[in-house]
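I have placed the structure first, in the form of structure tokens, so that the comments after it can refer back to it.
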Amino acid sequence: MSARFYLVVTILAVCSTAIAESPRSIKFSKRCLMISPNEGCAIADVNRDGKQDVIAGTCWFAGPEFIPRPLRDIPEVHDAYFRSNGDHVWDVDGDGWVDVISIGWMTPELCWYKNPGKVGLEKGKKWKRFVLKKTRGQNEAMELRDLDGDGTPEIVVNSWDKKAPAVAWMLTKSNDGAPTAEKIVLGDQGSGHGYAFGDINGDGREDLLVETGWYEWPEGDPLAKPRKFHGETAWPHPSCPCIIVDLTGDGRNDIIWGRAHDFGLYWWEQGEPKPDGATTWTEHLIDKSWSQVHCLVWADLDSDGREELITGKRVRGHCGGDPGGNEPECMYYYTWDRAAKKFTRHTISPPGGGVGIGMQIRVADLNGDGRPDIAVGGKTGTWVLFNEGP
């Protein structure tokens, strides 16, 4: 019998939404950088001036003024999306200037865009496009993750096709010295919409969650062979990414996830494993008052040593066809109370306030005041949200 049948989930219907917001919430000022179909963003020092810049689709925005500068052209898909589903930064060719790696939802090319360097950036030149590898379409999301600990990240591509293998691409060089990528199969028993990285079974090694279940990190070389599959965490269209963290302090990691194309933000509490080692889970509702919880970030916004959950409504996912898809955009963070085992919601931008999310949320100090700020790209615009403290 498959491990899938050992799933134990108890739904605790405590309330339909999160509890009332705290008066000690962090306040954010917001600035819209651009309106476009772009849904990705990244933060990096593009021009090596010591200041953080924002990269978002067709432009990069030099901090601290964040005036748009050209980066690349991106075709639209269905008159509603840019073909790119995110922006990821790495010095691909090793010349000391950060480049951009990108892939599309339905296009097979895994590409990188070369930073033109000091003179090219000052002249406003567009970044030259190169294809790392022709792969496949049906790509929901992508993340750079150093899976083997060698200091260079692998490119992990999440496919919404449940039957597709879970794969990563290792950056390498072709015979002529040009950057390319080599395919690595992480798991050959399915993939699906959504992913997370973290230690599920407590063996000290990082595992990979996908929609159909989770893949156990092997001993030895983590890229040498496909991982062992466990089906007990199958879930419907989870976020990209979800969060794996020990919320209760019992030594077992729990899972925070949202329904990326429906209503519902949840956390799964991990219990004692079954005698055969299959993991068990109890489901707790966090918030069900808004939909399309497509991206989650776990970061310390108030510098108290405890991370907060940052997320928001993805704007017009599936062109507005999802449940609640045309309801107002919003963005929140949630604080965790371990003793009470509950989350409290705080507003970053209220419903109808202009700020929703797309595929990525980035956190960094953007204005040098020592407080973590937020950058986000979505169909209501690319925004920076400055942390003004409580």
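The values are calculated or read from the model by the stated rules, or taken from the named source; none is laboratory data. None of the values given here were measured: they were computed from a predicted structure. Virtual Cβ from ideal backbone geometry, glycine too; neighbours counted across all protein chains shown. Quick note on the areas: whole protein, heavy atoms, side chains included, nothing else; ligands and nucleic acids left out. Shrake-Rupley method; radii C 1.70, N 1.55, O 1.52, S 1.80 Å.
Which three extents, in angstrom, do the Cα atoms of the stretch 224-346 have along their principal axes, listed largest first?
Largest to smallest, the principal-axis extents are 46, 36, 30 Å.
Would you please report the Å³ per residue occupied by the convex hull of the alpha carbon atoms in the stretch 89-153?
Working: hull volume 6.2 nm³, N = 65.
Measuring per residue, one finds 95 Å³ for the Cα hull of the stretch 89-153.
Dipole magnitude of the chain about its Cα centre, charges +1 at Lys/Arg Cβ and -1 at Asp/Glu Cβ only, in debye to the nearest 20?
On the way: 44 positive and 57 negative charges, 240 e Å.
That gives a dipole near 1160 debye.
Taking the Cα centre of the stretch 303-355 as origin, sum charge times position over the Cβ atoms of Lys and Arg (+1) and Asp and Glu (-1), and report the length of that vector in debye to the nearest 20. Don't skip to the answer; put the middle values down first.
Values: 8 positive and 7 negative charges, 31 e Å.
It works out to roughly 140 debye.
Can you figure out the FRET efficiency of Asp45 with Glu109, using R₀ = 22 Å and their beta-carbon distance, to the nearest 0.05?
Details: r = 27 Å, r/R0 = 1.22.
E(calc), rounded to 0.05, equals 0.25.
Just the number: Rg to Rh for the stretch 344-390, Cα atoms, Kirkwood Rh, two decimals. Spell out each step's value before the answer.
Numbers: Rg = 11.0 Å, Rh = 11.4 Å.
Result: Rg/Rh = 0.96.
At q = 0.10, 0.13 Å⁻¹, work out log10 I(q)/I(0) for the chain with the Debye formula, treating every Cα as an identical point scatterer and leaving solvent out; two decimals please.
The computed values of log10 I(q)/I(0) come out as -0.64, -1.12.
Can you spot the lysines whose alpha carbon is less than 22 Å from Lys173's alpha carbon? Ignore those fewer than 8 places along the same chain.
Answer for Lys173, where 22 Å is the Cα cut-off: Lys114, Lys128, Lys133, Lys134, Lys183, Lys225, listed by chain and number.
What figure, in Å² to the nearest 10, do you get for the accessible area of Arg129 with a 1.4 Å probe and non-protein molecules left out?
120
Within straight cross-link reach of Lys274, meaning Cα distance under 22 Å, which lysines are found once same-chain residues fewer than 8 apart are removed?
Cα-Cα hits under 22 Å: Lys228.
Once neighbouring chains are kept in place and the probe is 1.4 Å, which whole percent of the accessible area of the stretch 260-373 is contributed by carbon and sulfur?
Numbers: 1910 of 4150 Å².
Heavy-atom surface of the stretch 260-373 belonging to carbon and sulfur, 1.4 Å probe: 46 percent.
Return the carbon/sulfur percentage of the accessible area of the stretch 47-120, one whole number, probe 1.4 Å, all protein chains in place. Present the calculation step by step, with values, prior to reporting the outcome.
Details: 1560 of 2880 Å².
Of all accessible area on the stretch 47-120, carbon and sulfur atoms account for 54 percent.
Probe of 1.4 angstrom, ligands and nucleic acids ignored: what's the accessible area per residue over the chain, in square angstrom? Walk me through the numbers before you get to the answer.
On the way: 15910 Å² over 390 residues.
Computed with neighbouring chains in place, this is 41 Å² per residue.
Would you compute, for the Cα atoms of the stretch 155-203, the largest minus smallest coordinate along each principal axis and list the three values in descending order, in whole Å?
Cα spread of the stretch 155-203 along its principal axes, largest to smallest: 41, 28, 16 Å.
Using only the Cα atoms of the stretch 39-192, what do you get for the radius of gyration and for Dmax, in Å?
Cα radius of gyration and Dmax of the stretch 39-192 are 15.7, 49 Å respectively.
Calculate, for Cys32 and Asp95, the FRET efficiency according to 1/(1 + (r/R0)^6) with r their C-beta to C-beta distance and R0 30 Å; round to the nearest 0.05.
Values: r = 33 Å, r/R0 = 1.09.
Calculated value: 0.40.
With the crude spin-label approximation of a point 7 Å out along Cα→Cβ, what separation in nm comes out for Glu206 versus Asp221?
Each label point is offset 7 Å from its Cα along the Cβ direction, giving 1.9 nm.
At a probe size of 1.4 Å, how large is the accessible area of Asp262, to the nearest 10 Å²?
About 60 Å², rounded to the nearest 10.
Could you tell me what a quarter of the Cα convex hull surface of the stretch 235-297 works out to, in nm² with one decimal place? Display every interim value, and only then the final one.
Details: hull surface 17.7 nm².
Across all orientations, the stretch 235-297 yields a mean hull projection of 4.4 nm².
Three principal axis extents, largest first, for the C-alpha atoms of the stretch 32-71, in Å?
Ordered largest first, the stretch 32-71 gives principal extents of 29, 15, 15 Å.
Would you tell me the accessible area of Asp146, worked out with a 1.4 angstrom probe on the heavy atoms of the protein chains, in Å² to the nearest 10?
Here the residue's solvent-accessible area equals roughly 60 Å².
Please list Arg136, Arg345 from largest to smallest accessible area, probe radius 1.4 Å, with all protein chains kept in place.
So the residues, ranked largest to smallest area, are Arg136, Arg345.
Calculate the all-directions average of the projected area of the stretch 105-260's alpha-carbon convex hull, and give it in nm². Intermediate values should be presented prior to the final figure.
Details: hull surface 46.0 nm².
Averaging across all directions leaves 11.5 nm² for the Cα convex hull.
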